[in-house]
Amino acid sequence: MADEALFLLLHNEMVTGVYKSADQGEVENGRCITKLENMGFRVGQGLIERFTKDTARFKDELDIMKFICKDFWTTIFKKQIDNLRTNHQGIYVLQDNKFRLLTQMSAGKQYLDHAPKYLAFTCGLIRGGLSNLGIKSIVTAEVSAMPACKFQVMIQKI
Amino acid sequence: KSFVFCGLPRPLFVSPNVFFPLRQSGLSDSSGVAQLGRIKRPRLHSNSGPPAPPSCRVCPYLRSERSFYGDFWSERTAALFREAVVCPEGLIPFSAAPLGARLPLALPPCSRPLPGSQRESSELFTLTYGALVTQLCKDYENDEDVNKQLDKMGYNIGVRLIEDFLARSNVGRCHDFRETADVIAKVAFKMYLGITPSITNWSPAGDEFSLILENNPLVDFVELPDNHSSLIYSNLLCGVLRGALEMVQMAVDVKFVQDTLKGDGVTEIRMRFIKRIEDNLPAGEE
């Protein structure tokens, strides 16, 4: 029943903890972001297994992305993705206008350079979820004005 | 495992047939907010039906329980209310609401997630916590450092969580350590982790007690490997409790006594009251 507040606080502590325990060199070359993303990956893999236990088979990639945008996002962040765009060639952009992990941080451009740290875990969540549904991908995130953010998913055809 | 309530929408108004008469209590404060005196609850069911819930002076849900639960009012719900101290929304504990307590004018946003996703959002927290502990074990070589780090993180979470808790639960000030123990076990744990630990093993002086958790949601899906035998996996909880209580002027010492991960039957947390923290006034302002 863990509340939203509890997960939010734990996530923020995780980010702080990872950065505190890292050396200077690691902070600069992005090892910390990688660590957070890998944590998210593992969690995403586990979560998607639990969530899709009873759902029907997905018809195609777009169906999977819609599941991520609707059910997956709703269960984790209590809201849906506001906008999904695709070029039908393996690139999807998920836009969330009020991303739960950033709403408490600022409502505009303040702290913009700290925002990527707080998005890494969620990128990993998406990547992990897709990976256990059979899709290899690369997920990046960008923020121009908090709390809106965009997650870009690039599907890798093996 | 946990009781899943029906997905009935919350009532937006209190239906008139269960509205009790306003009575002027001895309190002189009479702003526009309804003052609640002692309420004699009318029996809404015949003797053959399930028993009516205990009277809750403040919780709006129980005041209109018939209209809220309707056909879903059952023996099970009645039993739950009999043994629970907290109303199902985790809003306000029955016994802790003082006489004449004010109604919250705007109900706090429903913190209850959709039925079905209740279990899943607790899994998110469990899995995230697992990933965090795994990463910490990789970063720090020995278990003691990991324990300390978990405690520190828990402390930081606790000092913020207490504000969220107080805003949501509206409990009044606790007058002694026993009340504190009650609120922690029956309101706080229920609100955030969905479990209600039991309180036992009070010391003779009344300053130490144990919280017994039958099942710890943090350790779902977890097994401790052999080379981490001195790792206190759920040490975050100790930090959270310590941090939260420090913000309400209580210095406590919290530690794990038993842990299901290490083979014990239950998880036991021992809490010891150290002292009351007084606010230090800056020199010259005494």
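Apart from one condition, A:Asn12 fits all of (1) open to solvent by 40 Å² or more (accessible area, probe 1.4 Å); (2) at the interface with chain B (Cβ under 8 Å from one of its Cβ atoms); (3) within 21 Å of A:Arg127 (Cα to Cα); the exception is (2).
Identify, please: which residue in the stretch A:25-73 is more than 14 Å from the chain's Cα centre (by Cα) and of a type in the set (A, V, I, L, M) and is, among those, surrounded by the most Cβ atoms within 10 Å (Cβ to Cβ)? Checking each candidate, the answer is A:Ile64.
Count of the stretch B:233-286 residues, restricted to those that are within 25 Å of B:Thr128 (Cα to Cα) and in a strand (DSSP E or B), is 8.
Only residues that are within 25 Å of the chain's Cα centre (by Cα) and open to solvent by less than 50 Å² (accessible area, probe 1.4 Å) were counted across the stretch B:221-240, and they come to 10. Can you find a residue in the stretch A:136-149 that is part of a helix (DSSP H, G or I), touching a residue at least 12 places away in the same chain (Cβ under 8 Å) and crowded, with 19+ Cβ neighbours inside 10 Å? There is no residue in the stretch A:136-149 that is part of a helix (DSSP H, G or I), touching a residue at least 12 places away in the same chain (Cβ under 8 Å) and crowded, with 19+ Cβ neighbours inside 10 Å. Within the stretch B:201-219, is even one residue under 16 Å from the mean Cα position of the chain (by Cα) and open to solvent by 50 Å² or more (accessible area, probe 1.4 Å)? Within the stretch B:201-219, one or more residues are under 16 Å from the mean Cα position of the chain (by Cα) and open to solvent by 50 Å² or more (accessible area, probe 1.4 Å).
Of the residues making up the stretch B:138-196, those that are of a type in the set (Gly, Ala, Ser), at the interface with another protein chain (Cβ under 9 Å from one of its Cβ atoms) and under 12 Å from the mean Cα position of the chain (by Cα) number 1.
Every listed requirement among (1) assigned to a loop (DSSP other than H, G, I, E, B); (2) at pLDDT 90 or above is met by A:Arg57 save one, (2). Scanning the stretch A:47-63 for residues that are in contact (Cβ under 8 Å) with a residue 24 or more places away in the chain, within 17 Å of A:Gly124 (Cβ to Cβ) and of a type outside the set (Phe, Trp, Tyr) yields a total of 3.
The values are calculated or read from the model by the stated rules, or taken from the named source; none is laboratory data. The structure displayed is predicted, hence computed values, not measured ones. We place every Cβ from the backbone using ideal geometry, glycine too, and count neighbours over all the protein chains shown. Accessible surface areas use protein heavy atoms only, side chains included; no ligands, DNA or RNA. Shrake-Rupley method; radii C 1.70, N 1.55, O 1.52, S 1.80 Å.
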